[in-house]
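Below is one structure, written out as structure tokens, with a few remarks after it.
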Amino acid sequence: MSNLPISADLIAEHNAKGLEALHEDYEALGRKLARTGIDIDAIKKRVAGFSVAVPSWGAGRGGTRFAKFPIPGEPTNIHEKLEDCSVINQLSTVTPRVSPHFPWDKVADYKALREEASELGLGWDAVNSNTFQDQVGQAHTYANGSLSSQDAGARQQAVDHNIECIEIGQQLGSTDLTVWVGDGTNFPGQQDFARSLDRYLDSAAQIYAALPGDWRMLLEHKMFEPAFYSTVISDWGSSILAAQTIGERCKCLVDLGHHAPNVNIEQIVARLHRFGKLGGFHFNDSKYGDDDLDSGSINPHQLFLVFNELAEAEANPRDGFNPSYMIDQSHNVTDPIESMLSSAEAITACFAKASLVDRAALHGAQEANDTMMAFQALRRAYNVDVAPILAMARVEAGGAIDVLAAYRASGYRARKAQERKPVGLGAGIV
Ligand code: LRH
Ligand code: MN
């Protein structure tokens with residue numbers, strides 16, 4: 001890691017101002033937790049082992065169909081995106097992997113890209129295919145779908161693209177392929193639900209057949225958008241049935257924003273784990289649709305309850321517990337680096353709070369139908385301010401006590417605004 005964008009001196013200088021206060025807060029919290037039999041250092045150790053991947057496409061400003069408002073110094077290619085992802089990991093110490101998207105992140109030499117990322121202290125998480133946009137010169141359009149299209153040429157093209165993503169991922173050291181398709185309809189009658197699903201299953205089986213032995217295929221369900229009447233893989237039910245049909249190493253990925261408002265997502269997590277199909281997450285938050293807002297910014301309690309189910313699943317792994325944790329957000333009004341720093345903190349905080357739950361007390365109250373004490377077992381953990389634990393784990397790993405203050409003190413974005421070419425006005429996700 002010889003090419004880190006933020007100087008270690010700057011981080012040390014920043015931390016020096018807050019270290020005494022941090023130790024004070026940490027010891028005070030340690031005494032409080034010890035009174036309930038919790039060893040704060042054990043929780044810090046768990047937090048130090050936690051990590052979440054960042055999306056390459058989240059490093060740039062996102063947009064909506066109406067507009068996108070670029071910021072000076074935002075990245076315009078995968079090389080600049082990796083640099084920004086390295087800043088996030090340097091300061092937070094919990095985002096050491098990048099989840100790429102193809103063809104958005106296409107380069108000529110993936111071995112060199114892997115080396116470049118490694119120099120920046122980064123590895124790779126799941127690769128994402130893209131059969132929801134037509135590329136220039138593409139033989140078959142995805143306008144009528146991709147893996148489920150009634151056009152055999154489009155299906156084969158989509159299968160080939162996913163297999164190409166696997167081959168790229170192998171060069172990068174990834175072992176997961178995330179498959180999200182926007183396939184669906186806008187009118188009743190436009191397509192037959194059963195036949196379009198069967199075409200999807202047939203295409204997905206061909207991708208699965210090309211999966212290396214140590215790889216997983218993660219199916220990402222989504223209720224709507226870009227289709228607004230029906231979506232082929234619209235919910236966890238369609239996803240788990242497809243994953244069970246396709247194969248053992250085909251799992252389900254839960255993007256928090258892909259559900260109707262008020263859906264009990266934490267119960268979906270418990271169900272997917274129960275049947276050995278919990279493959280991973282795209283963390284974000286939303287109030288209405290697939291808003292791709294910052295994780296924990298709208299409904300932090302839901303994020304905590306998701307991590308509470310993950311803690312239960314980890315304690316009861318059945319036939320395996322290895323979900324991929326990834327962020328998937330669209331940063332339309334903030335500096336993307338600041339949003340991912342803030343989101344990584346919110347996600348790690350929920351992981352830490354879920355680790356504080358007294359599971360014996362919870363299970364005992366559940367068995368005794370003591371509803372209030374069962375709820376209080378969760379609420380007590382949720383109410384703990386775990387910030388000193390996260391900051392101490394960060395400092396010990398070379399990160400910043402206050403990630404946003406350190407980032408702003410670095411003047412990184414202003415520096416990039418001098419170096420990088422300006423991004424044109426536009427619309428859409430990237
Ligand atoms: C679809 C989605 C999917 C990605 C895309 C960028 O809404 O969540 O995970 O491919 O966003
Ligand atoms: Mn997603």
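The values are calculated or read from the model by the stated rules, or taken from the named source; none is laboratory data. Computed from a predicted structure; not experimentally measured. Quick reminder, even Gly has a Cβ in these numbers, built from the backbone with ideal geometry, and neighbours come from all protein chains shown.
So for segment 170-188 (the condition being within 16 Å of ligand 1 (Cβ to nearest atom), β-branched (Val, Ile, Thr) and in contact with a Phe, Trp or Tyr (Cβ under 6 Å, 6 or more places away or on another chain)), does at least one residue qualify? No, segment 170-188 has no match at all. The condition (being farther than 17 Å from ASP235 by Cα and free of Cβ contacts under 8 Å to residues at least 60 places away in the same chain) is satisfied by just one residue among VAL159, VAL179: VAL159. Of the residues VAL263, VAL306, only one is assigned to a loop (DSSP other than H, G, I, E, B) and within 16 Å of ligand 2 (Cβ to nearest atom); which? Selected residue: VAL263, the only one of VAL263, VAL306 that is assigned to a loop (DSSP other than H, G, I, E, B) and within 16 Å of ligand 2 (Cβ to nearest atom). Among the residues of segment 266-288, the ones that are more than 18 Å from SER324 (Cβ to Cβ) and within 16 Å of ligand 2 (Cβ to nearest atom) come to 2 in all. Do you know which residues across segment 110-144 are in a loop (DSSP other than H, G, I, E, B) and in contact (Cβ under 8 Å) with a residue 60 or more places away in the chain? Listed by number, the residues that qualify are LEU120, GLY121, ASP125, ALA126, PHE132. Do you know which residues across segment 210-226 are within 16 Å of ligand 1 (Cβ to nearest atom) and either surrounded by fewer than 22 Cβ atoms within 10 Å (Cβ to Cβ) or not in a loop (DSSP other than H, G, I, E, B) (or both)? ARG216, MET217, LEU218, LEU219, GLU220, MET223, PHE224, GLU225, PRO226 - these are the residues of segment 210-226 that are within 16 Å of ligand 1 (Cβ to nearest atom) and either surrounded by fewer than 22 Cβ atoms within 10 Å (Cβ to Cβ) or not in a loop (DSSP other than H, G, I, E, B) (or both). VAL430 falls short on exactly one of the conditions (1) within 16 Å of ligand 2 (Cβ to nearest atom); (2) modelled with pLDDT of 95 or more; (3) out of contact with any strand residue (DSSP E or B) (no Cβ under 6 Å at 6 or more places or on another chain), and that condition is (2).
Output yes when any residue across segment 339-357 is buried (at least 18 other Cβ atoms within 10 Å of the Cβ) and charged (D, E, K, R), and no when none is. Yes, because at least one residue in segment 339-357 is buried (at least 18 other Cβ atoms within 10 Å of the Cβ) and charged (D, E, K, R). Can you spot a residue in segment 344-360 that is part of a helix (DSSP H, G or I), modelled with pLDDT of 95 or more and farther than 30 Å from SER92 by Cα? Yes: one or more hits. Of the residues making up segment 210-239, those that are among the hydrophobic types (A, V, I, L, M, F, W, C), closer than 16 Å to GLY169 by Cβ and more than 16 Å from ligand 2 (Cβ to nearest atom) are ALA210, LEU211, TRP215.
A search for C-beta distances below 7 Å between a residue of segment 1-22 that is loosely packed, with under 11 Cβ neighbours inside 10 Å and any residue that is part of a helix (DSSP H, G or I), counting only pairs 6+ apart in sequence or on different chains, returns SER2/GLU119. Here GLY279, GLY257, GLY237 are screened, and the one residue that is part of a helix (DSSP H, G or I) and at pLDDT 95 or above is GLY237. Residues in segment 399-430 that are among the acidic types (Asp, Glu) and in a loop (DSSP other than H, G, I, E, B): ASP402 only. Here PHE304 fits the description: surrounded by 18 or more Cβ atoms within 10 Å (Cβ to Cβ) and touching a residue at least 40 places away in the same chain (Cβ under 8 Å). Working only within segment 23-66, note down all residues that are hydrophobic (A, V, I, L, M, F, W, C), within 30 Å of GLU83 (Cα to Cα) and crowded, with 19+ Cβ neighbours inside 10 Å. Within segment 23-66, VAL47, VAL52, ALA53, VAL54, TRP57, ALA59 meet the criteria. Right, VAL269: more than 24 Å from ALA204 (Cβ to Cβ), assigned to a helix (DSSP H, G or I) and modelled with pLDDT of 95 or more or not? It is false that VAL269 is more than 24 Å from ALA204 (Cβ to Cβ), assigned to a helix (DSSP H, G or I) and modelled with pLDDT of 95 or more. Taken as a whole, the condition of being away from ligand 1 (no atom under 16 Å from the Cβ), of a type in the set (Phe, Trp, Tyr), touching a helix residue (DSSP H, G or I) at 6+ places or on another chain (Cβ under 6 Å) and part of a helix (DSSP H, G or I) does not apply to PHE375.
Restricted to segment 145-154, and to residues there that are of a type in the set (Gly, Ala, Ser) and part of a loop (DSSP other than H, G, I, E, B), the residue that is farthest from ligand 2 (Cβ to nearest atom) is SER149.
Residues of segment 59-80 that are closer than 18 Å to ASP294 by Cα, of a type in the set (Lys, Arg) and over 20 Å from the mean Cα position of the chain (by Cα): LYS68 alone.
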